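To keep things clear, I will list the structure first and then write my remarks on it.
The values are calculated or read from the model by the stated rules, or taken from the named source; none is laboratory data. Just so it is clear, the model here is predicted, and its values are computed rather than measured. Don't worry about glycine lacking a Cβ; one is built from the backbone with ideal geometry, like all the others, and counts go over all protein chains shown.
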C-alpha cells in the first residue's frame, strides 16, 4: 500500500477530494436512474393515452433529470415563485416528459396516466392549466423569445435566476429562433441557457443537420452566444455544463448543443424513423420497459429560493392628465405615446417594446423617460411579441407597438399568447388602414382587427381622437388578457373633452334625434367622416344617428339593441377589410333582424392621399352619404 507522506492539510484535502468524487459519482448514478424512471413513465403515459411523443421525450430525459433534480434552484411546493430558476419546454411535444418530471419531483399530484384525457390538466402540449407552465408551447420556435422576456423581468426585479429553455433541433429551422437569439445576445441575457436536443429526427424524416452539433454551435456563436457541444446522454458532461451555464452576469447567453438519440434506452426505438408521435402498444411497451430496467435509487429535490423577488403592483391614485385644444387635430398614434409615458410614471410595472418604429408609434416618449424599461426589438415582430409575453407572465404590463400591418407577422405568437393567459399584454398597431395614404398597400394594416377579434379573450379598441386614445391606452393597463389598440397616422379632429370616460365595452353616440332613420356606426378615422356625412344629410332633411364604436370587442350590445329598435337600418363604416372587422362585430351582436350595410375596404389599395383613398374605397363622407340615401329610399 502506498503511504501518504505530505502535510496534514494535503492529507485532508486528498480525503475531501476522494469524498467529493464519490459523492459526484453517486449523484450521476442517481440522476441516470431518474432519467430511466422518466423514460419508463413517459412510455406508460403515452400508451395509456393512445397518443403522444414518447421517443421525443426519451432523447431529452437525461437533460431534464439533471436540471429538475440537481441544477435548478427551485421550490417544488410553490409554482408561483419568481425568485427561482425557470424551465421552458419550447419543445412542446415533449410535454409527457415535463409532466413526468413534475410528478416525480412532487411538484404536481396529478395521475400521470391521465395524460391527454378531457378531465386532466396534463394536456398533449404544455399549457398553464398546470401552473408550473409559464407559457403555452407546442407551436415550435416560440419558447426562446418568451424566455427572453422572463430573463428581462428577472433583471428588472433584481432576481439572479437562470432561465432554461429546452428546444428541438428541428425547431431551429424556425426563423423566430434566430430573431430571439439575436435579441438575447444584444441584451446580454447571460442568465439564459438554451438547450438544443439534437436527436437528428423530425416528424417526417431526419432533421436538416442530423447530428452535426457543430453546425448549430456555429450559428449560436455567430449570434453572439457561448455554445457548448456535449453528449446529451453523458450525465457527467450534462452536470458540468449546467452547473456553469447561466451564472456569469454581464456575459453572453449560453447554448448547450446536446447530441442525443431519439428513443434512447430502447433498442428498437433508438434512432429509428417512423416513430415520431406514436405510442407503443401493450406488447412493445412491455418489451421497452423490460429493456429500461428496474427502478434504481431515487433523487430528491432540495427546495431553494433566491430570496430576491421584488414584485410590485400599483394602483394609481389618479388618472393621467390630458390636454388637447379642440381647434388642433392630433394623431391617435401620438396620443398613445403621450399616454404611455404618463403611465410609466404612475406604474413602474409598465414596460414598452417597439419594432424599430418608435418615432412613428411614438413609443419614443416612453423610451426617453424610462430607458431601462424600454426594449428595442428591431424588425423582428415574432421575437417582439414573444418577449412581450415573457414579460407579461412575469408580473409586468408590456405595451408592444409597431405598424398594424406588421403585427400580422406575429399572428401565431399572439394566438399562443392567449393560451398562456397573461394577466396583461397590450399591443398597439399604428398606421392602420388606407388612411396612411401614399405609402401604399404593403404598409396598410387592413386585417388586424379580424386577427385580434379571432383570438380568444382579447379586447379590441379603436379610438377616434387623441383624447379617447389616451384614455383607452390608460384603460388597457387594467384590462385582463390581451388588449389591442388600433391607432392611425393622420391627425384627427378632437371630439371629446379631457374628462370624458371610455369604459371598455362602451360606445359614444355623437349625434341622435327621435327622427333618426339610420344608425351610422364608425370607428377610428371614419368617425369624422360619419360626422361630416351627418351634416350633409341634415341639410337634405335626413336625420341619422352617429355612433363611435371605439370598443369593437367587446361591442356595446345595449347601444346596438337601442339602434335596432329606434332606427330602420344600420350602416357600419370602417378603414379595414369587410371580413372580420367592425361590420361583422355589429352584425353578430345585433339582437334583432335589422338591415346592416357594411362600408369597408374592398380590393387592393393603391398609393394616394388619404382623402382619395377613402373615396375610392367607399368609406368617405361622400360614400356614407350616398349609402344612407340608398337605405332611406
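Okay, residues lined up against (1) at pLDDT 95 or above; (2) assigned to a helix (DSSP H, G or I); (3) in contact with a helix residue (DSSP H, G or I) (Cβ under 6 Å, 6 or more places away or on another chain):
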| site | (1), (2), (3) |
| --- | --- |
| 178 | yes, yes, no |
| 182 | yes, yes, no |
| 211 | yes, no, no |
| 220 | yes, yes, no |
| 229 | yes, no, yes |
| 233 | yes, no, yes |
| 248 | no, no, no |
| 269 | yes, no, yes |
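Each residue in segment 588-598 was checked for being assigned to a helix (DSSP H, G or I) and surrounded by fewer than 15 Cβ atoms within 10 Å (Cβ to Cβ), and 1 of them qualify. Annotation for segment 120-127: no member residue is in contact with a helix residue (DSSP H, G or I) (Cβ under 8 Å, 6 or more places away or on another chain) and closer than 21 Å to residue 299 by Cβ. Selection over segment 495-524 of residues that are surrounded by 22 or more Cβ atoms within 10 Å (Cβ to Cβ) and more than 35 Å from the chain's Cα centre (by Cα) gives a count of 3. The residues on offer are 460, 467, and the sole one that is farther than 26 Å from residue 141 by Cα, in the same structural domain as residue 380 (by TED's automatic domain parsing) and either in contact with a strand residue (DSSP E or B) (Cβ under 7 Å, 6 or more places away or on another chain) or surrounded by fewer than 24 Cβ atoms within 10 Å (Cβ to Cβ) (or both) is 460. Being over 24 Å from the mean Cα position of the chain (by Cα) and crowded, with 19+ Cβ neighbours inside 10 Å is a condition met by no residue of segment 167-180. Within segment 348-375, the residues that satisfy the criterion of being crowded, with 18+ Cβ neighbours inside 10 Å and within 23 Å of residue 174 (Cβ to Cβ) are 353, 354, 355, 375. Listed residues 573, 527, 601, 628; which is surrounded by 22 or more Cβ atoms within 10 Å (Cβ to Cβ), farther than 30 Å from residue 501 by Cβ and modelled with pLDDT of 95 or more? Step by step, each of 573, 527, 601, 628 is checked, and only 601 is surrounded by 22 or more Cβ atoms within 10 Å (Cβ to Cβ), farther than 30 Å from residue 501 by Cβ and modelled with pLDDT of 95 or more. Residues that are modelled with pLDDT under 95, under 22 Å from residue 43 (Cβ atoms) and part of a loop (DSSP other than H, G, I, E, B): does segment 280-294 have at least one? Yes, segment 280-294 has at least one match. Close Cβ contacts (under 6 Å, 6 or more residues apart or on different chains) running from residues in segment 503-528 that are on the phi > 0 side of the Ramachandran plot to residues that are assigned to a strand (DSSP E or B) and buried (at least 17 other Cβ atoms within 10 Å of the Cβ) comprise 505/551; 524/575.
Condition check ((1) exposed (fewer than 15 other Cβ atoms within 10 Å of the Cβ); (2) farther than 19 Å from residue 66 by Cβ; (3) in contact (Cβ under 8 Å) with a residue 24 or more places away in the chain) across all residues:
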| residue | (1), (2), (3) |
| --- | --- |
| 207 | no, yes, yes |
| 212 | no, yes, no |
| 225 | no, yes, yes |
| 243 | yes, no, yes |
| 246 | no, no, yes |
| 255 | no, no, yes |
| 262 | no, no, yes |
| 268 | yes, yes, no |
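I need the full set of residues from segment 396-433 which are surrounded by fewer than 24 Cβ atoms within 10 Å (Cβ to Cβ) and on the phi > 0 side of the Ramachandran plot, in order please. Within segment 396-433, just 421 meets the criteria.
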